[in-house]
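Rule-based calculations on the coordinates, nothing more; no lab input. Worth saying up front: this structure is predicted, and the values here are computed from it rather than measured. For neighbour counting, all protein chains shown are included, and Cβ atoms are generated from backbone atoms with ideal geometry for every residue, glycine included.
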């Protein structure tokens with residue numbers, strides 16, 4: 001992991017989402033300095049395939065009323081939830097869809113100084129099982145987009161799932177990468 | 001700004017780098033919930049042009065002994081330092097180089113829930129003025145790479161300046177984008 005909290009660190013604050021950890025770090029010249037790092041629950045995001053389409057959400061949050069596009073997903077419950085279970089749970093709650101064909105596509109620590117992993121799953125052959133169960137902090141609508149529109153999310157400054165950008169760009173500009181991504185999402 | 005801390009928020013913890021802020025947020029159903037967001041000093045990174053090359057650092061940190069490539073730059077001193085002044089200061093300290101030709105290239109809030117802006121500057125026509133002044137937490141070497149190697153940093157999982165990836169990818173795959181970026185860096 002890129003920025004794991006070392007074993008000698010102590011938690012100095014525990015917030016609603018973030019924990020703050022500090023430790024005495026030995027520097028290159030032998031002196032010491034207090035270093036600081038955060039921990040937050042991991043998150044999952046889901047590229048959900050429905051037929052030959054991909055499921056995209058439009059989301060508003062209570063403190064961000066301007067709608068923005070997003071993938072289904074969310075925060076793990078605490079620090080011990082299994083990544084796939086968390087992804088399935090958030091996906092079902094937000095969309096009402098299920099899948100029996102899950103692939104872990106990417107696993108990334110997106111930002112320095114924070115112990116936080118973002119899991120990106122692909123859920124193939126999704127089917128709708130129930131209505132979404134949104135909580136009071138969620139206002140989400142769902143629509144299906146085609147593969148080309150999915151790739152063009154890499155041009156949208158309000159699409160925050162940066163972990164996907166490299167794959168989307170490669171697929172846009174390299175025919176081989178495009179065929180590979182299509183196969184990954186839609187199978188043969 | 002993507003995730004600004006609202007005016008009614010209160011700071012509940014102040015660490016060495018991060019501050020934790022909380023507020024009562026009205027939810028979509030009229031209930032309220034405590035929301036949390038962080039603030040940290042902004043950072044600047046510099047794409048420095050020296051002749052027809054670009055300056056790349058290899059960096060070690062006291063708690064990350066595996067060297068990784070990085071652009072010069074660093075953290076602002078507090079929350080009020082001017083972005084260009086901060087970039088010039090960090091650039092001079094880490095590399096010993098100066099420039100009279102600065103462009104603000106990108107300004108981005110890289111991560112949700114954190115009030116934090118990353119400024120990416122281009123410094124053209126750089127020249128060496130003095131030896132680097134590294135502090136006890138820095139172990140940095142500097143080398144000059146050519147434009148093609150610069151673009152290929154977008155394939156390096158240890159290159160963390162993700163704000164550049166879209167531009168690097170476009171320049172790799174689109175001749176027009178490549179010509180544009182070359183002009184931006186090296187002039188006519």
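Points worth noting:
- Sorted fewest first by neighbouring Cβ atoms within 10 angstrom, A:164, A:55 come out as A:164, A:55.
- Placing R0 at 45 angstrom, the Cβ-Cβ distance between residue A:141 and residue B:12 gives a FRET efficiency of 0.85 after rounding to 0.05.
- Between copies, the label points of residue A:102, set 7 Å from Cα on the Cα→Cβ line, lie 4.8 nm apart, reported in increasing order to one decimal in nanometres.
- Highest GNM mean-square fluctuation among B:59, B:45, B:130, for chain B modelled with Cα contacts below 10 Å: B:130.
- Among A:166, A:118, A:34, the largest mean-square fluctuation in a Gaussian network model of chain A, built with springs joining Cα atoms closer than 10 Å, belongs to A:34.
- Inter-copy label distances at residue B:58, using a point 7 Å along Cα-to-Cβ, come to 5.0 nm with the shortest given first.
- For residue A:31, the distances from its label point to the matching points in the remaining copies are 5.1 nm, ordered from shortest, with each point set 7 Å beyond Cα toward Cβ.
- Taking other C-beta atoms within 10 Å as the exposure proxy, A:128, A:10 rank A:10, A:128 from fewest upward.
- Nitroxide proxy distance, nm - points 7 Å out along Cα→Cβ at residue A:32 and residue A:102: 4.3 nm
- Calculated P(r) of the stretch B:1-90 - Cα pairs past 20 Å, %: 57 percent
- Cα centroid separation, the stretch B:99-149 to the stretch A:110-152 (Å): 34 Å
- Helical content alone sets the calculated 222 nm signal of chain B at -6000 deg cm²/dmol, taking -39,500 (n - 2.57) per DSSP H segment of four or more residues and averaging over every residue.
- Tail weight of P(r) past 36 Å, computed on alpha-carbon pairs of the protein assembly as shown, percent: 28 percent
- When only alpha carbons are used to place a centre, the stretch A:21-47 and the stretch A:59-94 end up 25 Å from one another.
- Projected over every direction and averaged, the convex hull enclosing the alpha-carbon atoms of chain A yields 13.1 nm².
- In the elastic network of chain B, a GNM with C-alpha springs shorter than 10 Å, the most mobile of B:62, B:41, B:132 is B:62.
- Degrees, to the nearest 10: B:83-95 long Cα axis against longest axis of chain B: 50 degrees
- A crude spin-label estimate for the pair residue B:156 and residue B:4, with each label 7 Å from Cα along the Cβ direction, gives 3.6 nm.
- Its residue count N fixes a reference of 2.2 N^0.38 Å for the stretch B:43-145, and the Cα radius of gyration divided by that reference is 1.05.
- Using alpha-carbon coordinates, inclination of helix A:175-186 to the longest axis of chain A, degrees: 80 degrees
- Inter-chain Cβ neighbour average for residues A:22-32, partner chain, 10 Å: 4
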